[in-house]
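This report refers to the structure that appears directly beneath it.
The values are calculated or read from the model by the stated rules, or taken from the named source; none is laboratory data. Computed from a predicted model, the values in this text were never measured in an experiment. Here Cβ is always computed from backbone atoms with ideal geometry, including for glycine, and neighbour counts include all displayed protein chains. When the accessible area is computed, the model is the full protein with side chains, heavy atoms only, and any ligands, DNA or RNA have been set aside. Shrake-Rupley method; radii C 1.70, N 1.55, O 1.52, S 1.80 Å.
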Amino acid sequence: MFEVGAWRVPSVKRLLRASIAGAPAVVRQRRGPQDESPGRPRHLAIIMDGNGRWAALRGLSRTRGHQAGVLALPRVVDTALEEGIEHLSLFFFSTENWNRPRGEVAALMRLTAQLADVFRGYGERGVRLRWLGSEARLPRATLAALRRAEADTRDNRAMTLAFCFNHGGREEIAHVATALARASADGALDPGLIDEALFTRHLPHADLPDIDMLVRTSGEQRISNFMLWRAAYAELFFVDTLWPDFTGEELRALLAAFAARKRRFGAGV
């Protein structure tokens, strides 16, 4: 057993690689319409919250909490693959998180650079890694690792893993609005033609569908500027479990709860 207080980032990296390498391959078979489960979310998103509180309860630094949180990722990714989730989005670092202590932010940048390299190992299991966020202020090593992981897994189709790092929902919407305004001012776009569909096509990774199911751990009940456009009709699940303690079994229970809900999209009964 590993003692959290003794972890360093390289040891987390080795543990993750061992977990990924030891997981069974997932064979995705083409399904017919009669085989599709209407209760399964196509796009599952998770706000991974509670690392700092998990560490504080154990008298550890927040950085140690983030390292522990990273080790929860394979449990969730493996479960999503086994459950046939097409798109999994994970919120790791927001544009507001730059306000955290400099040492904590620097540790997250280093951890993310290594994590992106580790996630390339999921490429052998058909996972495509896509990075959703801004390049602003990112260290070159972190940015290069994210781009490399995207490039190396771009042809995979078993599942899309959207890694939301330096992401902000309002910033994303503002950038799309700016692009459409410029196109209109240049005469390339009739502003009267701007609708929801056109706006969606200008989002980063526009083929990523709307969120069906959004989970936030740690007991907080807000979405914290996460994928605001795509979360418009998401079913929300707030759980008390701190992210490092979140398990595949808990995710399966939440997926079952999602299947029991009725999604009306404003249509009433």
Exclusive hit being within 19 Å of ASN166 (Cβ to Cβ) and either open to solvent by 20 Å² or more (accessible area, probe 1.4 Å) or modelled with pLDDT under 95 (or both), set GLU83, GLU135
GLU135
Return yes or no: is ALA113 open to solvent by 10 Å² or more (accessible area, probe 1.4 Å), touching a Ser or Thr at 6+ places or on another chain (Cβ under 8 Å), modelled with pLDDT under 95 and among the aliphatic types (A, V, I, L, M)?
yes
Unmet requirement for GLY248, which otherwise passes all of (1) small (Gly, Ala, Ser); (2) closer than 21 Å to LEU132 by Cβ; (3) in contact with a Ser or Thr (Cβ under 7 Å, 6 or more places away or on another chain):
(2)
If you go through LEU161, LEU203, LEU180, LEU146, the only one that is of a type in the set (A, V, I, L, M, F, W, C), closer than 20 Å to LEU81 by Cβ and open to solvent by less than 20 Å² (accessible area, probe 1.4 Å) is LEU161
For SER218, the lone unmet condition from (1) assigned to a loop (DSSP other than H, G, I, E, B); (2) open to solvent by 30 Å² or more (accessible area, probe 1.4 Å); (3) not basic (Lys, Arg) is (2)
Test: residue in segment 52-73 that is open to solvent by less than 20 Å² (accessible area, probe 1.4 Å) and of a type in the set (Ser, Thr, Tyr):
no
Taking segment 164-177, which residues are in a helix (DSSP H, G or I) and either surrounded by 13 or more Cβ atoms within 10 Å (Cβ to Cβ) or without any contact (Cβ under 8 Å) to a residue 40 or more places away in the chain (or both)?
GLY169, GLU171, GLU172, ILE173, ALA174, HIS175, VAL176, ALA177
